[in-house]
Amino acid sequence: RHFLKLASTLAMGLVLAACSKQEPAAPVEAASAPASEPAPVKVYTVGTDAAYAPFEYQNEKGEIVGFSVDLLTAVAEKGGFQVKFINTPWEGIFNALTQGDRDLLISSITITDERKQTMDFSDPYFDAIQLIAVKADSKVAKFEDLKKLKVGVQTGTTGDEVVTKLQGKTSTLIKRFESTPLALKELEAGGVDAVVADNGVVIHYVANNPDAKFKTVADTKSFAPEQYGIAVKKGNAELMAMINKGLAAVKADGSYAAIYKKTFGTEPPAAAAPA
Ligand code: ARG
């Protein structure tokens with residue numbers, strides 16, 4: 001910041017010096033921004049809560065990677081725009097969008113009617129549903145069984161919403177965590193009896209942490225199907241059009257399927273990427 005300020009002060013000085021000597025302004029301008037070069041391309045900032053493998057997470061080098069990153073990178077290329085990913089905690093992610101700190105969000109965000117009031121969503125790009133994680137020896141067989149148990153969720157997620165609905169707003173048995181991995185760690189430690197979160201993340205965690213001795217309990221009758229969307233600030237139709245154009249292109253040309261397969265090892269279900 002200081003450097004920028006200094007640089008602009010210097011540039012200003014140059015311009016003033018040029019003017020006072022009554023030299024033509026053209027050479028000065030040419031030195032800093034030749035008219036022949038195209039105007040710098042706008043890079044859109046992307047908020048993502050990178051603690052959500054395999055969708056968005058940080059690798060050993062600290063780079064933000066995962067399905068969402070690969071997908072949005074491909075979408076941006078096809079949609080004709082540039083993106084820069086910024087790790088943004090879930091807790092403040094929607095605010096960052098409304099405040100204008102981020103131009104768009106891709107963070108396995110379920111499209112809900114409530115969220116649609118405050119932001120605009122792209123066409124859906126992924127099907128999800130809530131899934132229950134418990135210790136392998138747990139007797140939990142369905143969602144209803146969690147009514148009187150301690151349940152871990154990530155604050156403000158759809159998992160939080162369904163458990164809050166099951167147990168009631170005043171329940172003291174819901175333990176809310178900053179991230180989904182933290183909730184799962186607490187399950188491992190025995191601090192909660194179950195965790196309810198998006199299926200993709202739970203399956204990935206259980207598969208990669210065999211020592212935790214978890215199992216998953218699916219209850220498709222109790223959970224509504226969810227779809228992930230890319231969010232932009234309400235009314236940002238220009239960016240939304242580019243996103244949806246790119247999304248349609250990657251679904252049509254097979255790159256969606258390739259990214260899906262790279263991440264999950266299987267072909268996408270037909271409904272996930274309609275041609
Ligand atoms: N799909 C859920 C929701 O929208 C959870 C998403 C959490 N994403 C994340 N990167 N932590 O509420």
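Using only the alpha carbon atoms of the chain, find the Kirkwood hydrodynamic radius as the inverse mean reciprocal pair distance, in angstroms to one decimal.
The answer is 21.1 Å.
Output the relative contact order of the chain, whole-number percent, from Cα pairs under 8 angstrom with separation of 6+ residues.
24
By how many nm would the segment from ILE203 to ALA270 lengthen if fully extended, with 0.36 nm per residue of separation less the alpha-carbon distance?
Using 0.36 nm per residue and subtracting the Cα-Cα distance, I get 22.1 nm.
Where is the GNM fluctuation largest for the chain (alpha-carbon springs, 10 angstrom cutoff): PRO54, PRO124, PRO210?
Sorting by GNM fluctuation, first place goes to PRO210.
In terms of the Cα gyration tensor, with a ≥ b ≥ c the square roots of its eigenvalues, is region 212-275 rounded because a/c is under 1.5, prolate because a/b exceeds b/c, or oblate?
Taking the square roots of the gyration eigenvalues as a ≥ b ≥ c, region 212-275 is oblate.
Enter the Cα centre distance for the pair region 133-195 and region 68-119, rounded to the nearest angstrom.
26
Using Cα positions and a limit of under 22 Å, work out the lysines in reach of LYS42, with same-chain residues fewer than 8 apart set aside.
Once the sequence-local lysines are set aside, what remains near LYS42 is LYS5, LYS78, LYS84, LYS233, LYS234, LYS245.
How charged is the neighbourhood of THR118? Take every other residue with its Cβ under 12 Å from the Cβ of THR118, and add Lys/Arg as +1 and Asp/Glu as -1.
Computed value for this residue: +1.
Roughly to the nearest percent, how much of the accessible area of the chain is carbon and sulfur, given a 1.4 Å probe?
With neighbouring chains kept in place, the figure for the chain is 56 percent.
If R₀ is 22 angstrom, what is the calculated FRET efficiency for the pair LYS234 and ASN87, using the beta carbon separation as r and rounding to 0.05?
E between LYS234 and ASN87, to the nearest 0.05, is 0.40.
In deg cm²/dmol, rounded to 500, what helix-only [θ] at 222 nm does the chain give when every DSSP H run of at least 4 residues adds -39500 (n - 2.57) and the total is split over its residues?
Value at 222 nm, helices only: -12000 deg cm²/dmol.
Please report, in whole Å, how far the alpha carbons of region 118-275 spread along each principal axis, starting with the longest.
In descending order, the Cα extents are 46, 35, 27 Å.
Under a point spin-label approximation (7 Å from Cα along Cα-to-Cβ), what is the LYS139-LEU173 distance to one decimal in nm?
For the pair LYS139/LEU173, the computed spacing is 1.3 nm.
What nm value, rounded to one decimal, do you get for the distance between ALA241 and THR118 when each label is placed 7 Å out toward the C-beta?
2.8
Determine the per residue accessible area of the chain with all protein chains present and a 1.4 angstrom probe, expressed in square angstrom.
That works out to 55 Å² for each residue.
What's the longest uninterrupted piece of the chain once you rule out the GluC sites (Glu not before Pro) that are loop residues per DSSP with at most 15 other Cβ within 10 Å?
64-177
Based only on Cα atoms, what Rg/Rh ratio does region 53-152 have, Rh being taken as Kirkwood's radius?
Reported Rg/Rh (Cα atoms, Kirkwood Rh): 1.04.
Name the lysines eligible as straight-distance cross-link partners of LYS150: C-alpha to C-alpha under 19 Å, and not fewer than 8 places from it in the same chain.
Straight-distance partners of LYS150: LYS135, LYS139, LYS142, LYS165, LYS169, LYS175, LYS185, LYS213, LYS215.
Can you give me the distance in nm between label points at ALA39 and LEU182, each placed 7 Å from the Cα along the Cα-to-Cβ direction?
It works out to 4.2 nm between the two label points.
Based on DSSP loop calls and a cut-off of at most 16 other Cβ atoms within 10 Å, the longest stretch of the chain free of exposed trypsin sites (Lys or Arg not before Pro) is what?
My reading of the result: 62-138 is the longest stretch.
What do the square roots of 5 times the Cα gyration tensor eigenvalues come to for region 146-237, in whole Å, largest first, as semi-axes of the equivalent ellipsoid?
After scaling each eigenvalue by five and taking roots: 23, 17, 13 Å.
Quick one, could you list the DSSP H helices from the chain stretching 15 Å or more along their long axis (Cα atoms) with average Kyte-Doolittle hydropathy of 0.0 or above?
Both cut-offs are met by 2-20, 67-79, 237-252.
Just tell me which aspartates and glutamates come within less than 13 Å, Cα to Cα, of LYS147; anything on the same chain fewer than 8 places away is out.
Within the straight-line limit of under 13 Å, LYS147 reaches these aspartates and glutamates: ASP193.
In Å and whole numbers, how far do the C-alpha atoms of region 86-210 stretch along each principal axis, longest first?
On the principal axes, region 86-210 reaches 46, 34, 23 Å in Cα extent.
Cα-based Rg (one decimal) and Dmax (whole number) for region 109-151, in Å?
Looking at region 109-151, its Cα Rg and Dmax stand at 15.6, 43 Å.
Could you calculate the contour length gain from ALA252 to LYS215, that is, 0.36 nm times the residue separation minus the distance between their Cα atoms, to one decimal place in nm?
9.7 nm
The values are calculated or read from the model by the stated rules, or taken from the named source; none is laboratory data. As the structure is a prediction and not an experimental result, all values here were calculated from the model. Because the Cβ atoms are built from the backbone with ideal geometry, glycine has one as well, and the counts that use them run over all protein chains shown. Accessible surface areas use protein heavy atoms only, side chains included; no ligands, DNA or RNA. Shrake-Rupley method; radii C 1.70, N 1.55, O 1.52, S 1.80 Å.
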